[in-house]
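S.K.: Sharing a structure with you now.
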Amino acid sequence: MTLWGGRFEEGPAEVLWRFTVDDSDRRLLVDDVTGSLAHAAMLGDVGLLSEDEVVDIVTGLRAVLEEATGGEFEWSDGDEDVHSAVERRLYELIGETAGKLHTGRSRNDQVCLDLRLYLRRAAEERAGQISDLAKVLVAVAEEVGDTVVASYTHVQQAQPVPLAHHLLAYAWMLQRDRDRFLDVNPRIDVSPLGAGASAGGRLPLDPEQTAAVLGFASAFTNSMDAVASRDFVAEYAFCCSQTMVTLSRLSEELVLWASDEFGWVTFGDAFTTGSSAMPHKKNPDIAELVRGKTATVIGDLTALLTLQKGLPLTYNRDLQEDKRAVFHADDTLSLALAALSGMVESADFHPPPPSGMVTALDLAELLVERGVPFRRAHQAIGGLVAGLAAEGRTLLDASAGELYAAQPQLVPEDLDELTAEASVAARVTPGGGSMESVRRQLSELRRRLA
Ligand code: ARG
């Protein structure tokens, strides 16, 4: 059944149907019925439906809702979309009165309402899942204690840091990704119901009432904006994309760290996969696929932006494509969060000590404390490092004489400052790579993620 037969003498061509019908909106079923319940009650309150008609429609819709939530709703091949399916079912249940439900409404405001109801809920769920992964990172950071690794710049060992400091960097990124899903709410939380096809109508609807009943912060203030705008969908997809990008960076590191060359971490058997050919392999496929799927989610965001850029106001059927894209982005993120949480939780960290050169900056800073200009100190330690490297030695192998020869302000006790642990212990920058900083971060993150 289509909702639009009146002016047509021929039925739809089979190829039109195949091309224009997209059943990805079926997951809006419960939201569609919820919106209709509010609409029907409002129609009664403003006198467009009699009390009996409201009772009939609401009773019918409640039955549809029960079928929908119980997974018993039966779709028909003739349903053009979720809205048509609900009206068709309502008609089967209560007869002709069903034809009054669509009073003062268009699928243009209806589909947008459904999507807003859906994404409002999804945003909260995703925020919760992101918090959960951040909490896993906090727990792992606590577990690894004061283990020291090198920080990297240019994928070259840079300075010693607590491994926890590195892991918590991701917890902070995720905390912002979580907040972004909460911040998008004011743009989603506006009801478009009552905008109708594009301009509202002559019937005395009460959009504020339906907005309030459905728990929206407000109703639309421009009907054309209400039915034509999808910036909230693109913004949601951006939230998904940026979170996927965070997960992808973390994943890239997990892949590197699990390599024989890094040897930092081993993941649980249940969260790795084997090779059909090479019996020794244990592959970090979850992390690789998070990286790969991030590309497809960025594709969804690109699609949603491109979808809008050339569209004249108001509704155009192009907009139907918004759902497939945003659902794919959201589903992919949700599963990626769950899979990566499991993988990180299973991690056993055992990083080797960093190279003996990572305290070069500490030596230069010791000289600065003794009045040597930083540029000169840099030059002197650079020379010392070059000489040691040429002999296959590191700062850990240097002698007091070699330190003195490099720069006479260096004293034999400075040899004790050359271990990675000493460097971390001497670190004083607030928010820097020290255990005191890690402890502060842990308590702040625990507070924010609670
Ligand atoms: N399936 C459509 C969509 O997702 C619903 C709105 C259809 N409106 C219309 N006038 N054909 O956008």
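Just so it is clear, none of the values below were taken in a lab; they were calculated from the coordinates. This is a predicted model, so every value here is computed, not measured. Every residue, glycine among them, receives a Cβ derived from its backbone with ideal geometry; neighbour counts consider all protein chains shown.
S.K.: Amide H neighbours of S218 under 5 Å, at least 5 residues apart or on other chains, H built in the peptide plane: list them.
M.R.: Result for S218 returns S191.
S.K.: Which helices count as membrane-span-like in the chain under these terms: full DSSP H, at least 27 Å along the axis by C-alpha, Kyte-Doolittle mean of 0.0 or more?
M.R.: Span-like helices, by this rule, are 231-258, 285-309, 321-345.
S.K.: So if R0 is 22 Å, what FRET efficiency would W75 and F19 give, r being the distance between their Cβ atoms, rounded to the nearest 0.05?
M.R.: In this case the efficiency is close to 0.75.
S.K.: Gaussian network model of the chain, Cα springs within a sub-10 Å range: biggest mean-square fluctuation belongs to which of V55, V255, V190?
M.R.: Of V55, V255, V190, the Gaussian network model singles out V55 as fluctuating most.
S.K.: Could you run the Karplus curve 6.51 cos²θ - 1.76 cosθ + 1.60 with θ = phi - 60° over region 264-276 and give me ³J(HN,Hα) per residue in whole Hz, x for Gly and Pro?
M.R.: 7, 8, 10, 9, x, 4, 5, 10, 10, 10, x, 10, 6
S.K.: Contour minus end-to-end for D416 and R121, with contour as 0.36 nm per residue of separation and end-to-end as the Cα-Cα distance?
M.R.: Length difference between fully extended and current span is 100.6 nm.
S.K.: Would you mind ranking C240, C112 by Cβ crowding within 10 Å, fewest neighbours first?
M.R.: Listed from fewest to most nearby Cβ atoms, that is C112, C240.
S.K.: Now a separate question. Work out how much length S259 to A197 would gain on full extension: take 0.36 nm times their residue separation and subtract the Cα-Cα distance, in nm to one decimal.
M.R.: 16.6 nm
S.K.: Listed highest first by mean packing, meaning other Cβ atoms within 10 Å per residue, what order do 420-428, 272-280 come in?
M.R.: 420-428, 272-280
S.K.: In what sequence do R376, R18 fall when counting other Cβ within 10 Å, fewest first?
M.R.: Exposure proxy ranking, most exposed first: R18, R376.
S.K.: Given a Förster distance of 60 angstrom, what is the FRET efficiency for D146 paired with T2, based on the Cβ-Cβ distance and rounded to 0.05?
M.R.: The calculated FRET efficiency here is 0.30.
S.K.: Please express the Cα-Cα pair-distance distribution P(r) of region 184-296 as a list of whole percents, one per 10 Å bin, running from 0 to the bin with the greatest distance.
M.R.: Spelled out bin by bin, region 184-296 gives 13, 27, 17, 14, 14, 12, 4, 0 percent.
S.K.: Using only Cα atoms, locate the centre of region 413-431 and the centre of region 14-61, then give the distance between them in Å, rounded to an integer.
M.R.: 67
S.K.: Something else: Show me 361-368, 289-296, 202-209, 29-36 ranked by packing, highest mean number of other Cβ atoms within 10 Å first.
M.R.: Highest mean packing first, the order is 29-36, 361-368, 289-296, 202-209.
S.K.: Can you sort I188, I130 by how many other beta carbons sit within 10 Å, fewest first?
M.R.: I188, I130
S.K.: Can you give the FRET efficiency to the nearest 0.05 for M278 and V46, using r as the Cβ-Cβ distance and R₀ = 60 Å?
M.R.: According to the calculation, E is roughly 0.25.
S.K.: How much net charge surrounds Q320 when only other residues with a Cβ under 9 Å from its Cβ are counted (Lys, Arg +1; Asp, Glu -1)?
M.R.: Here the charged neighbours net out to -3.
S.K.: Hey, another quick one. Please report the antiparallel percentage of DSSP beta bridges with both residues in the chain, rounded to the nearest 5.
M.R.: DSSP beta bridges in the chain are roughly 80 percent antiparallel.
S.K.: Over the chain, what is the mean sequence separation of C-alpha contacts under 8 Å (at least six apart), divided by residue count, expressed as relative contact order in percent?
M.R.: With pairs under 8 Å counted, the relative contact order is 16 percent.
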